[in-house]
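Asks: Here's a structure for you.
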Amino acid sequence: MIASILSGNTQEFHSLIRPYERSVFSMALSLLQNEADAEDAAQDAFLKAFRNLKAFRAESKFSTWLISITLNEARSRLRKKKTMKVQSIEEQQEEHNHASPALLRDWREIPSEALERQEVKLILQQAITDLPLIYREIFLLRDVEELSVNESAETLGISVASVKVRLHRARMMLQKKLAPQLKQTSPKRRWLPWL
Amino acid sequence: MVIDCKHVWEHISGYLDGTLAPEQLEQVQKHLEHCEICSAILDSTRNILILTADDRVFELPLGFSERLHARLDDEIKRISPEVT
Ligand SMILES: [Zn+2]
């Protein structure tokens, strides 16, 4: 399809990007923490993808390419908004913050249907957007967009070892915050002695 | 060799990604067999990652698609005007 678009069937770009609208927007929103900014950034990312389609190399996945454009778009907006001070505090945290999990004696599986509940959705959104930026980025690329460790390292411009360390901490931070909260939201088990 | 809980926590991410070396994997698995706390931490982490990665967590705003495609349309027409 990309070859066809480049040869002049530009209207096909609409269908090309449809499957990625949600993930590009989610990525932008998780990074920018503001719906209007995120929509704007997502639109700009798609426009950039269209303008630079010639630069896309077939050996990489289109989704991965699109995600890295979105990340860069969000990053440049964050740079404009935030001072460098915020960033450097986050960098320091990487050195000192030893991620430890929330301790539990047991865990009852929370099914994906729980996402139908607004309450659960909000808890998850908050936990993701509360992650310090360097952890949010790696979590989004690796666990949400499912880039490989190597692709993530390349996209973020960091080493594979850093990807692993940051990802581990991001996951532990999410577990620490979410495990106790989600446990409370699951409906109380009713006592059904005949089961 | 017996490893303690804190040591297991360091390997949770690697365990989930299946990237632990065989001897590490064996140590972690042995520990998990008798430690309910580490088992619960592992299960909750796995569960939480499935939930947070779900694309229903963030919803598209109403009219998002329409606005996006309208803007794209303008751009596409501007860059490559139809000859027909
Ligand atoms: Zn343990």
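Asks: For region A:29-66, name all the residues that are under 19 Å from A:I5 (Cα atoms) and open to solvent by 40 Å² or more (accessible area, probe 1.4 Å).
Replies: A:K48, A:R51, A:N52, A:K54, A:A55, A:R57, A:A58, A:E59, A:S60, A:K61, A:W65
Asks: Of all residues being more than 7 Å from chain A (Cβ to nearest Cβ) and loosely packed, with under 15 Cβ neighbours inside 10 Å in region B:29-49, which is nearest to the ligand (Cβ to nearest atom)? Just the residue, please.
Replies: Filtering region B:29-49 for residues that are more than 7 Å from chain A (Cβ to nearest Cβ) and loosely packed, with under 15 Cβ neighbours inside 10 Å, the one nearest to the ligand (Cβ to nearest atom) comes out as B:H34.
Asks: Quickly run through region B:50-77 and pick out the residues that are within 26 Å of the chain's Cα centre (by Cα) and open to solvent by less than 50 Å² (accessible area, probe 1.4 Å).
Replies: Across region B:50-77, the qualifying residues are B:L51, B:T52, B:A53, B:D54, B:V57, B:F58, B:P61, B:F64, B:S65.
Asks: Being more than 9 Å from the ligand (Cβ to nearest atom) and surrounded by fewer than 12 Cβ atoms within 10 Å (Cβ to Cβ) is the filter here; which residues of region B:1-28 pass it?
Replies: B:M1, B:V2, B:G18, B:A21, B:P22, B:E23
Asks: Working only within region A:28-45, note down all residues that are among the hydrophobic types (A, V, I, L, M, F, W, C) and over 17 Å from the mean Cα position of the chain (by Cα).
Replies: Result: A:A36, single match.
Asks: Considering only region A:8-28, I want to know if a residue exists there that is open to solvent by 10 Å² or more (accessible area, probe 1.4 Å) and closer than 19 Å to A:K80 by Cα.
Replies: No.
Asks: Just give me the residues in region B:9-18 being within 8 Å of another protein chain (Cβ to nearest Cβ) and hydroxyl-bearing (S, T, Y), in sequence order.
Replies: B:S13
The values are calculated or read from the model by the stated rules, or taken from the named source; none is laboratory data. Small disclaimer: the values here were computed from a predicted structure and weren't measured. Methodologically, a virtual Cβ is constructed for each residue, glycine included, from the backbone with ideal geometry; neighbour enumeration extends over all protein chains shown. Note: areas computed on protein heavy atoms with side chains; ligands, DNA, RNA excluded. Shrake-Rupley method; radii C 1.70, N 1.55, O 1.52, S 1.80 Å.
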